[in-house]
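Engineer: Sharing a structure below in structure tokens format, with a few things to ask.
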Amino acid sequence: MAAPLAVDSKAYQEALKIGRTPNIVKLFPESQALIVSGKYIDKAMLAKGKAIAMAANGRSYFIIRGALLAAQQANACLIIEIARSEGGANAYCAVNYWNIARQVNAACNELGITIPVAIHADHYGIKKESDIAPAQMEIPTIFEAGMTSIAIDASHMPDDLNLLANLALNPFIPEWAGRETEVGEIKGSQGLSSAQEALFLIRGLNAHDIFPNWIALNNGSTHGIEASGQGIQVELTREIHEALAPYNVSGAQHGTSGNNSDRLREIASRTRTTKANVATALQMVSWGLEVNDYGNAILDDDGRFIKRPNEGVMEDVWERMVAYAAQQDWNAGNFKKLNLPFENQLLGQPRAVRDRMIERVKTFVANMLVNVFNAQDTAPLVIEAIRDCGGYDPGPNAQRKEAPEDWTEAKIRERAAAIDSDKGPEGDFDD
């Protein structure tokens, strides 16, 4: 790896002074951590071109620290995120919407991290209309706790309700925050998104002066362990991104774990994807499980995970984790639920064990940032953008093209009825 571009200390201090979002300044007034709006991360990837920012799902203390150290080594800006299922009110992780910013800020200051970081509330899921009112109350609380970006995921609902939910929640999201929206629930090869569906959502938002940084699609990816080999459909992704080009929205790639590195490089080089979520791979790597080069866990002939000796968690801790999962009758895909009950046991291991867990994550993330996502040396691009913009909000990447009168609630419902779409099977496809 080539030596990273140096970040001028004076430029960094200037960015620190003007580039941190208001909630971060209020929470951490003396911090040296450059926690910024997700908008700046998207902007840096577009500036570099054919580059993707890793959005590392910080399911644990170990993943957060390992990802930050890797990004520092690669001089890459980074997104640390947690999804609602992982860190919401009914979470399966100890890291949550309300403490993730504090963990990231503390780690940055302790470890001397000087790359820009955004903190993203991923998959803020709205599954039915009655979820909207509670979300209007809860969303402000997660920004008060330090979130700097959010993904409103109402893709579980029909197209008209998806768009209307996004509109209803918009007033509760700070204007400076990074913004992601989603069309097509992540279901692997079933219920694939179409350009027609994506355009409907983005055009409807545009008419109401909402300009997302990212749109997530069902483009063949899955959450968790990828077993089918189908994976991300690059050509479909490229086609939809081309259709959305007039609206200057970037792609967010979900379900990267299990997709081989060549396919992810193709997503970087042939589409407008600037954000890629990595979750399950980092969890498995931190625990010391056998994975292939792109993070998919390798199972033995009996369908069990393979724990590498003297890597990741201590052997007796892993045995307790496996036994606990068996008691709950959890399959391999549900091992993610071990994060919450075992976080304190993992933190209670000797420092050498904790350090090797973090180092394993760092090694994996650094390789992805440099050799797969082409994200190295994007940290200075964020700092440059902050100085050019003169503040914490670079503004939207688009402007209004659609007439609001063409996108009233009645017309939204009428337009949605004309969409020919296949949403795939019903079921629990949560991340």
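The values are calculated or read from the model by the stated rules, or taken from the named source; none is laboratory data. Please read all numbers here as calculations on a predicted model, not as lab measurements. When we count neighbours, we look across all protein chains shown, and the Cβ atoms used for this are built from the backbone with ideal geometry, even at glycine.
Engineer: Can you find, within region 276-311, the residue that is surrounded by the fewest Cβ atoms within 10 Å (Cβ to Cβ) among those that are small (Gly, Ala, Ser) and part of a loop (DSSP other than H, G, I, E, B)?
Structural biologist: Only one residue tops the list, namely GLY303.
Engineer: Could you please find all residues in region 316-332 being in a helix (DSSP H, G or I) and surrounded by 12 or more Cβ atoms within 10 Å (Cβ to Cβ)?
Structural biologist: VAL317, TRP318, GLU319, ARG320, MET321, VAL322, TYR324, ALA325, ALA332, listed by residue number.
Engineer: Sticking with this structure for a sec: Specify which of the listed residues (TRP176, TRP98) is part of a loop (DSSP other than H, G, I, E, B) and touching a Pro at 6+ places or on another chain (Cβ under 9 Å).
Structural biologist: TRP176
Engineer: Taking ASN75 and the conditions (1) buried (at least 20 other Cβ atoms within 10 Å of the Cβ); (2) over 30 Å from GLN376 (Cβ atoms); (3) over 18 Å from the mean Cα position of the chain (by Cα), which numbered condition does it fall short on, given that it satisfies the others?
Structural biologist: (2)
Engineer: Further, regarding this structure: Output the residues belonging to region 106-126 that are more than 19 Å from the chain's Cα centre (by Cα) and not in a helix (DSSP H, G or I).
Structural biologist: GLY112, ILE113, THR114
Engineer: Which residue pairs have Cβ atoms closer than 8 Å, lie 6 or more positions apart in sequence or on different chains, and pair a first residue in region 193-204 that is of a type in the set (Val, Ile, Thr) with a second residue that is at pLDDT 95 or above?
Structural biologist: Once the first residue is of a type in the set (Val, Ile, Thr) and sits in region 193-204, its partners that are at pLDDT 95 or above give ILE202/THR181; ILE202/PRO212; ILE202/ILE215; ILE202/LEU244; ILE202/TYR247; ILE202/VAL249.
Engineer: Sticking with this structure for a sec: When region 11-46 is examined, which residues are found to be under 12 Å from ALA177 (Cα atoms) and in a loop (DSSP other than H, G, I, E, B)?
Structural biologist: ARG20, THR21, VAL36, SER37 - these are the residues of region 11-46 that are under 12 Å from ALA177 (Cα atoms) and in a loop (DSSP other than H, G, I, E, B).
Engineer: Quick check on this structure: which one of PHE373, PHE429 is hydrophobic (A, V, I, L, M, F, W, C), more than 15 Å from SER37 (Cβ to Cβ) and at pLDDT 95 or above?
Structural biologist: PHE373
Engineer: For region 279-319, which positions are small (Gly, Ala, Ser) and at pLDDT below 95?
Structural biologist: Scanning region 279-319 gives ALA279, ALA281, GLY295, ALA297, GLY303.
Engineer: Is it the case that region 152-168 has a residue that's modelled with pLDDT of 95 or more, assigned to a helix (DSSP H, G or I), surrounded by 23 or more Cβ atoms within 10 Å (Cβ to Cβ) and in contact with a strand residue (DSSP E or B) (Cβ under 6 Å, 6 or more places away or on another chain)?
Structural biologist: yes
Engineer: Just wondering, is there one or more residues in region 99-119 that are modelled with pLDDT of 95 or more and touching an Asp or Glu at 6+ places or on another chain (Cβ under 6 Å)?
Structural biologist: There is no residue in region 99-119 that is modelled with pLDDT of 95 or more and touching an Asp or Glu at 6+ places or on another chain (Cβ under 6 Å).
Engineer: Are there any pairs, at least 6 apart or on different chains, whose C-beta atoms fall under 6 Å, with the first in region 341-362 and touching a residue at least 40 places away in the same chain (Cβ under 8 Å) and the second in a helix (DSSP H, G or I) and of a type in the set (A, V, I, L, M), and if so, which?
Structural biologist: Cβ pairs passing all conditions: ARG360/VAL285; VAL361/ILE63; VAL361/LEU282; VAL361/VAL285; LYS362/LEU69; LYS362/ALA70.
Engineer: Inspect all residues belonging to region 331-351 and state whether any of them is under 21 Å from PRO212 (Cα atoms), touching a Cys at 6+ places or on another chain (Cβ under 9 Å) and at pLDDT 95 or above.
Structural biologist: no
Engineer: Return the residues of region 372-393 that are assigned to a loop (DSSP other than H, G, I, E, B) and aliphatic (A, V, I, L, M); say none if nothing qualifies.
Structural biologist: Matches in region 372-393: ALA375 only.
Engineer: Looking at ALA3, ALA44, ALA51, ALA70, which is the one that is modelled with pLDDT under 95 and either out of contact with any Asp or Glu (no Cβ under 8 Å at 6 or more places or on another chain) or on the phi > 0 side of the Ramachandran plot (or both)?
Structural biologist: Matching residue, one of ALA3, ALA44, ALA51, ALA70: ALA3.
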